[in-house]
Amino acid sequence: MQPTETLPTETLRYETLRHPARTLDPARAEALRAQILTLNLRLSDAPAFRANWQARIGGFFDGLEWLELAWCGDRLVGHHGTRRFALGRAEAFYVDNFTVDPAWQGRGIGRTLTGRWSQRLALRSLGRTVFLLARTQSPVIGAETAAAVGAKHAYPRFVGPADPALARVAERVVDALWPGKAFDPQTGVLQAAYGGRFLDVAPTRHAAVAAYFARHVDLDRGDALVQVVRACPGSWARMLRYFVGHSLRRLVARARLSPTHA
């Protein structure tokens, strides 16, 4: 268990890097890679997790379209990076990395990082077809994604057959990112994605999602679920309602827990 940490009081600041592999000078790139590795190794002592990060950090910036960074002073406390794939007249964006320092979680950093990126994606999706992709071992993330956009715009569907069009998008991106990995387009499961149990995952209260993960995702083998969201006015509107409502509920809960001052 991580020791309790006294957090600094500096104001958080956010930074956006476009195509960091091309735009960062070598010295900044080396320093930032070291900070990103240090941040991520705080998350877990699992051998598969640490081996994965040690192996990928050298080429971490390769292929990134955007990298969002959260800073407290000179300390990196969060990052969110995406890759872009052209799919004919459509395009897909894969969430390549997304981490918030454990000591800073629950303070809205993750929501701000994803919000900054989502605003740009919402503009890009006007008049064109855009897909969002991620891979995860977490049934909580799976349930939140499904709740945020609805089954019509999400893959896989935890109840009922998968949308064939979204399954084809998943297959194309999987082939580009992880050639040779076994992938089942019917279930969305990428076998041995992480080479072993990656992180301790919290259970979800969503019964259908919990059952789906238990039936299809072998965490000890390192399986991951590849999720796809079709970005369109309907899904953006639903996501906005979901996340705004979630934020309001958290604010109300915090207010109730706060001591009353005379």
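Run Thr112 past the list (1) over 18 Å from Ala231 (Cβ atoms); (2) buried (at least 18 other Cβ atoms within 10 Å of the Cβ); (3) in contact (Cβ under 8 Å) with a residue 60 or more places away in the chain and report the number of the one that doesn't hold.
Tallying (1) over 18 Å from Ala231 (Cβ atoms); (2) buried (at least 18 other Cβ atoms within 10 Å of the Cβ); (3) in contact (Cβ under 8 Å) with a residue 60 or more places away in the chain, Thr112 fails exactly one: (2).
Restricting the stretch 80-128 to residues that are more than 11 Å from the chain's Cα centre (by Cα) and of a type in the set (Ser, Thr, Tyr), which is nearest to Ile36 (Cα to Cα)?
Thr112
Which residues, taken from the stretch 11-22, are farther than 19 Å from Thr112 by Cβ and loosely packed, with under 12 Cβ neighbours inside 10 Å?
The answer is Arg22, and nothing else.
Before we move on, is Asp200 modelled with pLDDT under 95 and touching a Lys or Arg at 6+ places or on another chain (Cβ under 9 Å)?
no
Test Leu17 against the stated conditions and say whether it is modelled with pLDDT of 95 or more and in contact with a Leu (Cβ under 7 Å, 6 or more places away or on another chain).
Yes; evaluated as a whole, the condition is true for this residue.
Quick one: would you say Thr136 is under 19 Å from the mean Cα position of the chain (by Cα), of a type in the set (Ser, Thr, Tyr), farther than 19 Å from Asn97 by Cα and at pLDDT below 95?
no
Output the residues belonging to the stretch 12-42 that are closer than 12 Å to Gly78 by Cβ, part of a helix (DSSP H, G or I) and not hydrophobic (A, V, I, L, M, F, W, C).
Gln35, Asn40
Say we look at the stretch 49-88 and pick out the residues that are part of a helix (DSSP H, G or I), out of contact with any Leu (no Cβ under 8 Å at 6 or more places or on another chain) and without any contact (Cβ under 8 Å) to a residue 60 or more places away in the chain; which of these is farthest from Thr16 (Cα to Cα)?
Once the filter is applied, the top-ranked residue is Ala55.
Using the structure shown, decide if Ala167 is of a type in the set (A, V, I, L, M, F, W, C) and out of contact with any helix residue (DSSP H, G or I) (no Cβ under 6 Å at 6 or more places or on another chain).
yes
Does Thr99 meet the test of being part of a strand (DSSP E or B) and over 13 Å from Thr16 (Cα atoms)?
Yes, satisfied.
Listed residues Arg116, Arg50, Arg42, Arg111; which is out of contact with any helix residue (DSSP H, G or I) (no Cβ under 8 Å at 6 or more places or on another chain) and either basic (Lys, Arg) or within 26 Å of Phe158 (Cβ to Cβ) (or both)?
Arg116
Specify the residue that is nearest to Trp53 (Cα to Cα); the eligible residues are those in the stretch 98-112 that are at pLDDT below 90 and of a type in the set (D, E, K, R).
Residue satisfying both the conditions and the ranking: Arg111.
The values are calculated or read from the model by the stated rules, or taken from the named source; none is laboratory data. Keep in mind the model is a prediction, meaning the values are calculated, not measured. Backbone-built Cβ (ideal geometry, glycine too); neighbour counts: all protein chains shown.
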